[in-house]
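Notes follow once the structure below has been shown.
Read the figures in this text as sums done on the coordinates, not as results from a lab. Quick caveat: nothing in here was measured; it's all calculated off a predicted structure. Here the Cβ positions follow ideal geometry from the backbone for every residue, glycine too, while neighbour counts run over all protein chains shown.
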Amino acid sequence: MEICIINKLGSKITLESSVGVNWIASLISEFTFSTGEIPFLFYTLLNWDNFNDKTKYNWTILFLERNPKTRHEYREQYIKLYSSVKKAKAKKFKNKDFIKTLHYSESLIRKTNDWSKTYLINLSNQYKYFELSAIAAHSMKTRDNPLFVCGEDSPEDEKQMERKIKRIVAFINKSDNITFTNHLILEDAQGVEMNTLNTNLTHTPSFIFDLVVELPGPELMNSTQLGIVRNDFSQVFWPYFNKIELWKTELKDIKYSHENIINMMDTYREKISALHPTLQKAIDENEIMNQLKDENESKSTYKVYFGITSKSYLLSHYLQMEALEENVMLYVKEEISKETDINNACPFLFMTKTI
């Protein structure tokens, strides 16, 4: 089963939260497909040296906008400099002084682009996500790597938007995919913890949820430790996700409603949550995870939850987080409705962090 992380640049999801979701997904799942801030930063850093000048220019403009320490005038100067160099290169006749000035201007552009690469490296060091690059793939040639980081889709590119819609439909509909979001979903007061529900349910909560495991913050892991823990966890977590995959196939034809929730919870307890103690035991007995508990100065703890909701509500959640564009969500709903009822049940995962 593949964990799917839905996000985009400019969403309400913080970089810190995005880092946590990507780390946890990479530890517990066989494959993760990730979109949004972290994949964007991964993609640009890993591909920076292969980008052409125009692409580096576009990313540099974005980074200058995002960096609070950069003055607005500096960004404007860079835009004017790039424009003047582009025009100068188009001229047919150039004397020595002109060429000398052109080369100097080009060197300033290269220095600014080098700043962009340094900015990316500094972000990765600050938020502790670059160790994930050891298992990351950023092109279809390396798609077999456990973590696939997808570059940002351009809203102006029709083909990219079509691919994005198909991708989100698959994330929600396909039984071998499960979405993984963050604590923001708990801001909806209609979400109800499973162990607080009674059998005489008369209304339909936005979603129901249950704790799966808790584990120490993994951001201080190095790539070698990441590989070891993934291998250890694969013995218990991957079979667990296989069970979820089978159950998701059954859920696709069941409406998410208060009439069906109790039966769904009974099946969940029998097929899914019965495995949770085994998962937690694997974490508690893992040597590297115990080292992290001792070394973790902030004492941060992540909790992973299993949730059930309707496909419609799950998409609305991503819209609320600004992780999906409204037009994309509407197209996705339309495509899903061709295959199944948009109000049918859909499992998902989410995560919280405490310090």
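Which value does Rg/Rh take for the chain over its C-alpha atoms, Rh per Kirkwood?
Numbers: Rg = 23.2 Å, Rh = 22.2 Å.
Result: Rg/Rh = 1.04.
Using θ = phi - 60° and the Karplus relation 6.51 cos²θ - 1.76 cosθ + 1.60, list the HN-Hα couplings for region 348-355 in order, rounded to whole Hz, with x at every Gly or Pro.
These are the phi-based 3J(HN,Hα) values: 7, 10, 9, 9, 10, 10, 10, 10 Hz.
Please list, in chain and number order, the residues 5+ apart from residue 2 or on another chain whose amide H is under 5 Å from its amide H, with Hs placed from the backbone.
Amide H neighbours of residue 2, under 5 Å, 5+ apart: 177, 178.
Please check: in the Gaussian network model of the chain (C-alpha springs, under 10 Å), which one of 240, 268, 43 has the largest mean-square fluctuation.
Of 240, 268, 43, the most mobile in the Gaussian network model is 268.
If I stretch the segment between residue 62 and residue 327 completely, what's the gain in nm (0.36 nm per residue apart, minus their alpha carbon distance), one decimal? Intermediate results must be reported in sequence, preceding the final value.
Details: separation 265, 0.36 × 265 = 95.40 nm, distance 2.37 nm.
Fully extending the segment from residue 62 to residue 327 adds 93.0 nm.
For region 46-127, what's the relative contact order in percent, using C-alpha pairs closer than 8 Å and at least 6 residues apart? Mind showing how you got there, number by number?
Details: 26 pairs, mean separation 31.7, N = 82.
Relative CO of region 46-127 lands at 39 percent.
Which value in deg cm²/dmol, rounded to the nearest 500, describes the helix-derived mean residue ellipticity at 222 nm for the chain, given -39,500 (n - 2.57) per DSSP H run of n ≥ 4 and division by the residue count? Walk me through the intermediate numbers first.
Working: 12 runs with 189 residues, N = 355.
Calculated from helices alone, the mean residue ellipticity at 222 nm is -17500 deg cm²/dmol.
Would you mind calculating the gained length between residue 320 and residue 281 on full extension (0.36 nm times residue separation, minus the Cα-Cα distance), in nm to one decimal?
Values: separation 39, 0.36 × 39 = 14.04 nm, distance 3.55 nm.
Difference between extended and current length: 10.5 nm.
Do the alpha carbons of any pairs in 54/111; 8/174; 164/333 sit beyond 19 Å of each other, and which pairs?
Values: 54/111 15 Å; 8/174 21 Å; 164/333 13 Å.
Distance filter (> 19 Å) returns 8/174.
Taking the Cα centre of region 173-278 as origin, sum charge times position over the Cβ atoms of Lys and Arg (+1) and Asp and Glu (-1), and report the length of that vector in debye to the nearest 20. Before the final figure, lay out each step's value.
On the way: 8 positive and 14 negative charges, 58 e Å.
So the dipole magnitude of region 173-278 works out to roughly 280 debye.
Return 109, 3, 121 ranked ascending by Cβ neighbour count within 10 Å, so the fewest neighbours appear first.
121, 109, 3
Give me the percent relative contact order of the chain, please, defined on Cα pairs under 8 angstrom at least 6 residues apart. Walk me through the numbers before you get to the answer.
Details: 490 pairs, mean separation 91.2, N = 355.
Reported as a whole number, the value is 26 percent.
As a test of understanding, state the convex hull volume per residue of region 46-127 from its alpha carbons, in Å³. Walk me through the numbers on the way to the answer.
Values: hull volume 7.7 nm³, N = 82.
So the per-residue Cα hull volume is 93 Å³.
Mind telling me which of 224, 101, 118 comes out most flexible in a GNM of the chain, alpha-carbon contacts under 10 Å?
Among 224, 101, 118, the largest GNM mean-square fluctuation belongs to 101.
Cut-off is 10 Å between beta-carbons; in what order do 341, 49 appear when sorted fewest neighbours first?
Ranked by crowding around the Cβ, least crowded first: 49, 341.
I'd like the distance between the alpha-carbon centres of region 185-213 and region 19-40, rounded to an integer number of Å.
25
What FRET efficiency would be calculated for the residue pair residue 271, residue 291, taking the C-beta separation as r and a Förster radius of 45 Å, to the nearest 0.05? Walk me through the intermediate numbers first.
Numbers: r = 33 Å, r/R0 = 0.74.
The pair residue 271/residue 291 has a calculated efficiency of 0.85.
Would you mind telling me which residue in 299, 166, 255 has the biggest mean-square fluctuation in a Gaussian network model of the chain, where springs connect alpha carbons within a distance under 10 angstrom?
Greatest mean-square fluctuation among the candidates belongs to 299.
If amide hydrogens are placed 1.01 Å from N in the peptide plane, which non-local residues have theirs closer than 5 Å to the one on residue 137?
Those qualifying (amide H under 5 Å, at least 5 residues apart or on another chain) are 147, 148, 149.
Quick one: dipole size for region 46-127, taken about the Cα centre, charges +1 on Lys/Arg Cβ and -1 on Asp/Glu Cβ, in debye to the nearest 20.
Working: 18 positive and 8 negative charges, 89 e Å.
Dipole size: approximately 420 debye.
Starting from the Cα-Cα distance between residue 90 and residue 220, subtract it from 0.36 nm times their residue separation and give me the gain in nm to one decimal. Kindly include the intermediate steps, with their values, before the conclusion.
On the way: separation 130, 0.36 × 130 = 46.80 nm, distance 4.97 nm.
That pair, residue 90 and residue 220, stretches by 41.8 nm at full extension.
Taking each pair of different alpha-carbon atoms in region 182-268 once, compute 1/r for the pair, average those values, and report the inverse of that mean as the Kirkwood hydrodynamic radius in Å to one decimal.
Values: mean 1/r = 0.0632 Å⁻¹.
Computed over region 182-268, the radius equals 15.8 Å.
If neighbour count is taken as other Cβ atoms inside 10 Å, put 42, 51 in order from fewest to most.
Ordered by Cβ neighbours within 10 Å, fewest first: 51, 42.
What ³J(HN,Hα) values, in whole Hz, does the Karplus curve 6.51 cos²θ - 1.76 cosθ + 1.60 give for region 211-220 when θ = phi - 60°, with x put for Gly and Pro?
In residue order, the calculated couplings are 5, 9, 8, 10, 8, x, x, x, 5, 7 Hz.
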